[in-house]
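Working notes, beginning with the structure itself.
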Amino acid sequence: MTLSAENLRVDSAAGHFGPYGGRFVPEALISALEELDLEYHKAIQDPEFNQELSGLQKNYVGRPSPLTEAKRFSEYAKLRVFLKREDLNHTGSHKINNVLGQALLTVRMGKKRVIAETGAGQHGVATATAAALFGLDCVVYMGEEDTQRQALNVARMKLLGAEVIPVTTGTRTLKDAINEAMRDWVTNVETTHYLLGTVAGPHPFPTMVRDFHRVMGVEAREQILNQAGRLPEAIAACVGGGSNAIGIFHPFIDDETVQLHGFEAAGDGVATGRHAATLTGGSPGILHGTRSYVLQDKDGQTLPSHSISAGLDYPGVGPEHAWLKDIKRASYHPITDTEAMDAFSLLSKTEGIIPAIETAHALAGVLKISDQFKPTDIVVVNCSGRGDKDVETAAKWFGLKI
Amino acid sequence: MNSILEVFKKTKVENRAALIAYLPAGFPNKEKSSEILRLILDNGADMVEVGLPYSDPLMDGPTIQQAVEISLENKTSIDDCFQIVKELSTSKKPVLIMSYYSPIEKYGVSKFVENFALANGAGVITPDLTIEEAGPWILKTTEQEIARVFVVAPSSKAARLTKVASEVTGFVYAASLMGVTGTRAQVSSKAEELVANLRKTTDLPIAVGLGVSTPAQAKTVGAFADGVIVGSAFVKILLENSDFEKAKTLIVELTQQLRAALPR
Ligand SMILES: Cc1ncc(COP(=O)(O)O)c(C=O)c1O
């Protein structure tokens, strides 16, 4: 797929989605954000850039990723479930789509160093991978709690030559890793690109990251038309920051018959307060340079989030999702740890696919809303990642000895 | 707002830079933060910034982060900050609040500015509010005559400096370096150039902050800036000295030395 100006929805220059989005950052970052925005727009109109990116997608990542009909899982779901297999990408998740785009931009901007935040470690691994491929220095910030629950990915990043810095401030998870990455960026912005891993943060990140992920929805649309002969009734995806969800939603936004469902991490349950369901349990506010839904108190202090899934454990969400929620184009539902782990187990045993725990939230979501559908209805689920990194967490959850 | 401009008029006549001190509200606790800021005012500071604690302070280095975490553990609220502003305003010196925009917007821009005005606050510094997002803020602070201090950085291009400075009232906050708050061994060489570039586009007073902590650094910066902002150095004294009386003595000393370094 090529990213041309025509096939993208053009947002207002300041990067707003209704009242959401924008830029709430120190002035020191403004010139870097403007440079990035300019370089990005130049790049997507440059055939050479598009060729290089699609070449990498094909020959390095392995795109297009397959669309697999999950027939045995469908018997439980009581509708036809198709999986968009981002788990089969090089590095094991959708995160690589955005990373390669931004890594190419980094090279075009003449910067030699990338920094990234990571929760589950998937974005960190993808960034470390691209840094190795392009010969860039790479530093990944990761909350200390996440370095423990995703130890395997920490080792992978180090093997790829990246430096992993455990973040010990605040809640020691993704939110604080982003704070540290921003501080590094403010200090080193002349030489460094902040390779943000989701559709949050200041403009142009929510738009640019979405556009690099649209390839998932563009492929899925074509594949489902080929395989089923028609559009699906629904698209489903898990929502942490929202990148895998927006990437698969976006090319279907104008297809009014296609429902868009996002599933957030409800941890122990939204009512317990121990959750990461930002769109369900949060309210409009500002976090990490953008206005969106945020888990925060009445004084605008960000509240800690909780989820078994490190990649969904974030008290913010991309601004475009906030807008899609408000205009009711997409709906967002909470999924508890228990519901997600049940679906994790079910997919593993019915399809021979061990999903990432993040992805398991989308699968659980499909099981949860399936009574709104007929058995012949079709849902395409973004299988955003594979579960290798989660084997230890899952083994512990299910009481297995390893 | 006028009170801020009057201070800079006075310091200009005295041929020295103004001394502006920062401390997070609620650190080490509510009463003590008010007491320390008062002590700093009594010993030579020309105005103070009351830091409104925020859970995700992107512009702050480890020293201020640690203080802010303590302040939040103390459950310091926005109304507590206004209370401290009110207490300090009896000094007849300008009292400002430094706040990230998240707490302001959540509290409500109108309510925030009105309650701040009721507390006799002079101005608000907003380190992460870009002018593109500042529409309601500009309207309300203009209506209530509260000074609006935006921060500019060495990376700000000339056109951007003009644009930002045109929305400022009170003084322009020039960040001396690319980075976060904290003490540094040396004053950044970029500070003087930034101030010179600002002078080409605005007649407003310019205060320099970030990484100014010693009397020698204050003297260097005070030679070309209208105001010198010191924060982390005060915070550090409080973090490093659990004996509060000792900390107070050190803070008085530092304030007096900073003030003595400013005459040109
Ligand atoms: C496999 C997988 N899916 C989903 C996510 C959540 O991120 P996003 O909502 O941006 O897709 C992550 C994040 O780490 C992930 O690793």
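The values are calculated or read from the model by the stated rules, or taken from the named source; none is laboratory data. Every value quoted in this text rests on a predicted model; they were computed, and no experiment measured them. Don't worry about glycine lacking a Cβ; one is built from the backbone with ideal geometry, like all the others, and counts go over all protein chains shown. The accessibility values were calculated without ligands, DNA or RNA, using every heavy atom of the protein model including side chains. Shrake-Rupley method; radii C 1.70, N 1.55, O 1.52, S 1.80 Å.
Structure values in brief
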quantity	calculated
Cα pair distances in the range A:106-262, grouped into 10 Å bins until the bin that holds the longest one, percent each	11, 34, 31, 17, 6, 0
Flagged links, alpha-carbon separation over 26 Å, of B:LYS75/B:LYS106; A:LYS112/A:LYS389; B:LYS12/B:LYS248; A:LYS111/B:LYS190	A:LYS112/A:LYS389; B:LYS12/B:LYS248
Per-residue mean of C-beta atoms belonging to partner chains within 10 Å, peptide A:288-301	5
For the protein assembly as shown, convex hull volume per residue from C-alpha positions, Å³	146 Å³
Chain B - Rg over Rh from alpha carbon coordinates, Kirkwood radius	0.93
DSSP bridge orientation in chain B - percent antiparallel, rounded to nearest 5	5 percent
Surface share of carbon and sulfur [accessible, 1.4 angstrom probe, percent] for the range B:3-260	52 percent
Loop trypsin sites (Lys or Arg not before Pro), the range A:302-402 (other Cβ atoms within 10 Å of the site Cβ: 11 or fewer; DSSP)	A:LYS328, A:LYS401
Antiparallel DSSP beta bridges within the range A:192-318, percent to nearest 5	60 percent
Dipole of the range B:3-260, positive end: most advanced residue of B:SER166, B:VAL221, B:ASN115 [Cβ charges, Cα centre]	B:VAL221
In order through the range A:59-72: 3J(HN,Hα) via Karplus (6.51 cos²θ - 1.76 cosθ + 1.60), integer Hz, x for Gly, Pro	8, 10, 7, x, 6, x, 6, x, 10, 10, 7, 9, 6, 6
Cross-link pairs beyond the 19 Å C-alpha cut-off, checked among B:LYS32/B:LYS86; A:LYS95/A:LYS401; B:LYS111/B:LYS140; A:LYS71/A:LYS368; B:LYS32/B:LYS219; A:LYS42/B:LYS157	A:LYS95/A:LYS401; B:LYS32/B:LYS219; A:LYS42/B:LYS157
Of all DSSP beta bridges in the protein assembly as shown, antiparallel share, percent nearest 5	20 percent
Amide H partners (placed H, <5 Å) of A:CYS138, local residues excluded	A:VAL114, A:GLU163
Cα→Cβ-extended label distance, 7 Å offset, between A:LYS349 and B:ASN29, nm	5.6 nm
222 nm mean residue ellipticity, helices alone, for chain B (DSSP H n ≥ 4; -39,500 (n - 2.57); rounded to 500)	-14500 deg cm²/dmol
The range A:220-319: GluC sites (Glu not before Pro) in DSSP coil with no more than 14 other Cβ atoms inside 10 Å	A:GLU256
Only Lys, Arg (+1) and Asp, Glu (-1) charged, at Cβ; the protein assembly as shown dipole about Cα centre in debye	540 debye
For the range A:286-325: rounded, prolate or oblate by the Cα gyration tensor [a/c cutoff 1.5]	oblate
Cβ neighbours within 10 Å from other chains - mean over B:47-60	5
Occluded residues from the range A:152-193, i.e. those whose accessible area drops by 50 Å² or more once the chain is not alone (1.4 Å probe)	A:ARG183, A:VAL186
Dimensions in Å of the range B:1-128 - Rg and Dmax from alpha carbons	14.1, 43
Paramagnetic reach from A:GLU52 in the range A:116-148 [backbone N under 14 Å; point 7 Å along Cα→Cβ]	A:131, A:133-136
Anisotropy class of the range B:115-264 from Cα gyration tensor, a/c 1.5 cut	oblate
Integer Hz, Karplus 6.51/-1.76/1.60 couplings in order for the range A:305-310, x for Gly and Pro	9, 9, 6, 5, 9, 4
Expected 222 nm ellipticity per residue - DSSP helices of 4 or more, -39500 (n - 2.57), all of chain A, to 500	-12500 deg cm²/dmol
Karplus 3J(HN,Hα) series, Hz, for the range B:46-56 with 6.51 cos²θ - 1.76 cosθ + 1.60 (x for Gly, Pro)	8, 7, 10, 10, 8, x, 8, x, 9, 5, 10
Inter-part distance where the range B:224-251 and the range A:87-138 are each reduced to a Cα centre, Å	42 Å
For the pair A and B, total buried accessible area rounded to nearest 100 Å², probe 1.4 Å	2900 Å²
Residue list for the range A:126-169, given a label point 7 angstrom along the Cα-to-Cβ vector of A:THR191 and an amide N cut-off under 12 Å	A:137-138
